[in-house]
Amino acid sequence: MANNPLMDRCESTIIHEDIINEVKAHMPKEESLYDLAELFKVFGDTTRIKILYALFASEMCVCDMAALLNMTQSAISHQLRVLKQARLVKFRKDGKVVYYSLDDHHIQQIFNQGLNHINE
């Protein structure tokens with residue numbers, strides 16, 4: 001059966017103001033939607049996804065992440081900067097070593113929901 005391009009079009013010209021007003025009342029502010037879109041952009045890179053998965057298991061230093069992911073420390077550091085700006089990872093210093101970890105538990109929940117969705 002061929003896809004009908006008109007199938008997605010509304011045949012009616014009636015605007016359902018009650019539905020529009022109800023939905024509008026529940027929509028987040030524009031700034032929040034922008035921030036959410038920016039957050040999801042951060043998840044759009046496989047290297048950053050791998051780093052976050054590594055940090056689900058344990059806090060790690062850049063050297064260990066580079067060895068685990070077979071990448072340069074410079075490449076890992078670059079991605080960690082993006083993740084820090086998005087408030088997805090935090091760090092602590094122990095002498096000369098900097099350890100990275102997830103900023104909070106919400107990140108793993110986002111990933112779990114995403115995996116559940118793609119595995120359905």
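Read the figures in this text as sums done on the coordinates, not as results from a lab. Nothing here was measured: the structure is a model prediction, and the numbers come from that model. Cβ: placed from backbone, ideal geometry, glycine included. Neighbour counts: every protein chain shown.
Shape descriptor for region 22-84: Rg over Rh equals 1.18 (Cα atoms; Rh from the Kirkwood inverse mean 1/r). Helix 30-42 and the long axis of the chain differ in direction by around 50°, with both axes built from C-alpha atoms.
Using the Kirkwood radius over C-alpha pairs as Rh, can you work out the diffusion coefficient of the chain via Stokes-Einstein at 37 °C, viscosity 0.692 mPa s, in µm² per second? Calculated translational D: 186 µm²/s.
Helix 17-26 and the longest principal axis of the C-alpha atoms of the chain enclose an angle of approximately 10°. Given their separation in residues at 0.36 nm each and the Cα-Cα distance between them, residue 77 and residue 98 gain 6.5 nm when the chain is fully extended. The angle between the Cα long axis of helix 46-57 and the longest principal axis of the Cα atoms of the chain comes to about 70 degrees, rounded to the nearest 10. Compared with the alpha-carbon gap, the fully stretched path from residue 26 to residue 68 is longer by 10.8 nm at 0.36 nm per residue. Extension gain for residue 58-residue 108 works out to 16.7 nm (0.36 nm per residue, less the C-alpha to C-alpha distance). The trypsin sites (Lys or Arg not before Pro) found in region 41-120 that occupy coil by DSSP, while having at most 15 further C-beta atoms within 10 Å, are 87, 96. Note down the net charge around residue 25, summing +1 for each Lys or Arg and -1 for each Asp or Glu among other residues with Cβ under 14 Å from its Cβ. Here the count lands on -1.
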